[in-house]
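The values are calculated or read from the model by the stated rules, or taken from the named source; none is laboratory data. Note that the coordinates shown come from a computational prediction; the quantities given were computed from them, not determined experimentally. Neighbour counts run over all protein chains shown; Cβ positions are idealised from the backbone, glycine included.
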Amino acid sequence: MGILSARVTDDSAARLVADPRCARAFAWIERNSGWLTEQQVRLTEIPAPELRESRRADALKALFAECGWKPCIDSIGNVVAERPGSDKRDVILFAAHIDTVFPEGTELKIKRESRRLIGPGISDNGAGVAALVGLAHALHESHVPTEKTIVLAGDVGEEGEGNLRGIRRLVETYGDRLSAVIAVDGPSTDYITTQGVASRRFEIGISGPGGHSWSNFGTPNPIAALARGIVRLSEIRVPSEPRTSYNFGVVEGGTAVNSIPTRASVKVDLRSEDEPELARIEAALREAMQSGLRDELAITDYPSNALSLHFRSLGARPAGKLRSDSPLLAAIRNVDRFFGNRSRTERSSTDANLPLSLGIPAVALGGGGSGGGAHTLDEWYDPTGRELGLKRLFLLALSLAGAHP
């Protein structure tokens, strides 16, 4: 693994900014904030649901190429651009996921209300992807050489059932060359995600004989069995410390109002800050669904095998935590002190989970501006403050990569 230098001093950011080449980068950011907002809207309006990110990837690749980078698209769809360092080994990776949680066919037209942009994906992760474009331009404009190679990647498969496939491939590709990974996710500059929340996702299906709602009344109903299981788990209390959650996100089943379905399914998301607690809630989920099936059968004359239960894993995100004395965290704090930016550490589930679980220093940072309503059709983004986010990422990149004077 690449070694991240601990040579971080309180005045290192100030010394970088005093370099006229950095001033050029800052000037570009200030001149082109509006242009970046337009690119953010354009990219967000290109559909990028799970496993169908290629059109957005092509658009991002073109934006990287416009400012002198030589991007490529790898075998699973990640857009990857490298800025070689003098040692040609150690790598600092900035990754922003280009996929969205919204299914194919979702209306993606972005509306404008005063300063706000409103539409699905505009903040998560339109803000992060736009910041990556801005960082590419700022680094190119500065012409500051670095010791370590800087890699910018628009990665796939972060949302939904993607199971972090994009960042997994990037970590496999660069392996022990990685000195640090920065996931650029969302807009806000007031957080540093240093701990990855573990998660497990499942599709649970219940199958049965089915039949007509009148002539076959009394046949065990997979939807009813599923509902009983959902209610049973919903009665279980989960701890606030370690924080733990569950969510029934998608329920499907049946073909007509007057037909007893032959199958019903639900997709479930389980999360916890603690792996043993996550295992406990998974066990509770399995028992709740078994109980729902038994309770449904108990009110019928059908045998115990009339309904069958199936669990399918949709993905698992490992937990991980950045050390409090990490040079990566020290570098971010140094940059924040220079800008007078007050940030707090927090826990979340992002692309940073994967490298953190492997002992690679990693965080998630926002790209600038503000936003809200993530994963809803009314998601919004306000570009006010975008410049701070971009300058923060730019100085961090040079600090971590070892800028040459």
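Please enumerate the residues belonging to the stretch 230-289 that are more than 30 Å from W214 (Cβ to Cβ) and among the hydrophobic types (A, V, I, L, M, F, W, C). Steps first, answer last, please.
Restricting attention to the stretch 230-289, the residues satisfying the condition of being more than 30 Å from W214 (Cβ to Cβ) are 233-247, 249, 267-288.
Hits for the stretch 230-289 are L233, I236, V238, V268, L270, L278, A279, I281, A283, A284, L285, A288.
Would you confirm whether any residue within the stretch 99-121 is closer than 17 Å to A352 by Cβ and surrounded by 24 or more Cβ atoms within 10 Å (Cβ to Cβ)? Give the derivation first.
Here is the first cut: in the stretch 99-121, the ones closer than 17 Å to A352 by Cβ are 99.
With surrounded by 24 or more Cβ atoms within 10 Å (Cβ to Cβ) added as a condition, the list becomes 99.
Looking through the stretch 99-121, at least one residue is closer than 17 Å to A352 by Cβ and surrounded by 24 or more Cβ atoms within 10 Å (Cβ to Cβ).
With respect to V156, determine if the residue is closer than 28 Å to S265 by Cβ, out of contact with any Cys (no Cβ under 9 Å at 6 or more places or on another chain) and in the same structural domain as G253 (by TED's automatic domain parsing). Even if it seems obvious, please write down each step before you answer.
On the way: closer than 28 Å to S265 by Cβ: yes; out of contact with any Cys (no Cβ under 9 Å at 6 or more places or on another chain): yes; in the same structural domain as G253 (by TED's automatic domain parsing): no.
No, not satisfied.
Yes or no: R312 assigned to a loop (DSSP other than H, G, I, E, B), under 23 Å from the mean Cα position of the chain (by Cα), surrounded by fewer than 17 Cβ atoms within 10 Å (Cβ to Cβ) and basic (K, R)? Reasoning before the result, please.
Numbers: assigned to a loop (DSSP other than H, G, I, E, B): no; under 23 Å from the mean Cα position of the chain (by Cα): yes; surrounded by fewer than 17 Cβ atoms within 10 Å (Cβ to Cβ): yes; basic (K, R): yes.
Considered against the rule, which asks whether it is assigned to a loop (DSSP other than H, G, I, E, B), under 23 Å from the mean Cα position of the chain (by Cα), surrounded by fewer than 17 Cβ atoms within 10 Å (Cβ to Cβ) and basic (K, R), R312 comes out as no.
Among the numbered criteria (1) modelled with pLDDT of 95 or more; (2) exposed (fewer than 15 other Cβ atoms within 10 Å of the Cβ); (3) outside any helix (DSSP H, G or I), which one does E287 miss?
(3)
Please give the number of the condition R333 fails out of (1) in contact with a strand residue (DSSP E or B) (Cβ under 9 Å, 6 or more places away or on another chain); (2) surrounded by 24 or more Cβ atoms within 10 Å (Cβ to Cβ).
Here R333 clears every test but (2).
If you go through the stretch 252-284 one residue at a time, how many are part of a strand (DSSP E or B) and surrounded by 15 or more Cβ atoms within 10 Å (Cβ to Cβ)?
Looking only at that region, the number is 12.
Find the strands (runs of 3 or more DSSP E) located wholly in the stretch 81-171 whose residues include 2 or more that are touching a Lys or Arg at 6+ places or on another chain (Cβ under 7 Å), and list them. Write out each step before concluding.
Details: elements: 91-97, 111-113, 116-118, 149-155.
Counting at least 2 such residues, we get 91-97, 149-155.
Looking at the stretch 182-195, can you tell me whether even one residue there is in contact with a His (Cβ under 9 Å, 6 or more places away or on another chain) and either outside the structural domain of L396 (by TED's automatic domain parsing) or surrounded by fewer than 24 Cβ atoms within 10 Å (Cβ to Cβ) (or both)?
No, there is no match, as no residue in the stretch 182-195 is in contact with a His (Cβ under 9 Å, 6 or more places away or on another chain) and either outside the structural domain of L396 (by TED's automatic domain parsing) or surrounded by fewer than 24 Cβ atoms within 10 Å (Cβ to Cβ) (or both).
Could you tell me which numbered condition P220 fails, if it satisfies all but one of (1) surrounded by 16 or more Cβ atoms within 10 Å (Cβ to Cβ); (2) modelled with pLDDT under 95?
So the condition that P220 fails would be (2).
Going through the stretch 14-30 one residue at a time, which ones are in a helix (DSSP H, G or I) and charged (D, E, K, R)?
Applying the first criterion (in a helix (DSSP H, G or I)) to the stretch 14-30 yields 14-18, 20-30.
Once the filter is applied, which keeps residues that are in a helix (DSSP H, G or I) and charged (D, E, K, R), the stretch 14-30 yields R15, R21, R24, E30.
Scan the stretch 231-243 residue by residue and report those that are assigned to a helix (DSSP H, G or I), surrounded by fewer than 20 Cβ atoms within 10 Å (Cβ to Cβ) and of a type outside the set (K, R).
Step one: of the stretch 231-243, the residues assigned to a helix (DSSP H, G or I) are 231-234.
So of that shortlist, the ones also surrounded by fewer than 20 Cβ atoms within 10 Å (Cβ to Cβ) come out as 231-232, 234.
Answer for the stretch 231-243, where residues must be assigned to a helix (DSSP H, G or I), surrounded by fewer than 20 Cβ atoms within 10 Å (Cβ to Cβ) and of a type outside the set (K, R): V231, S234.
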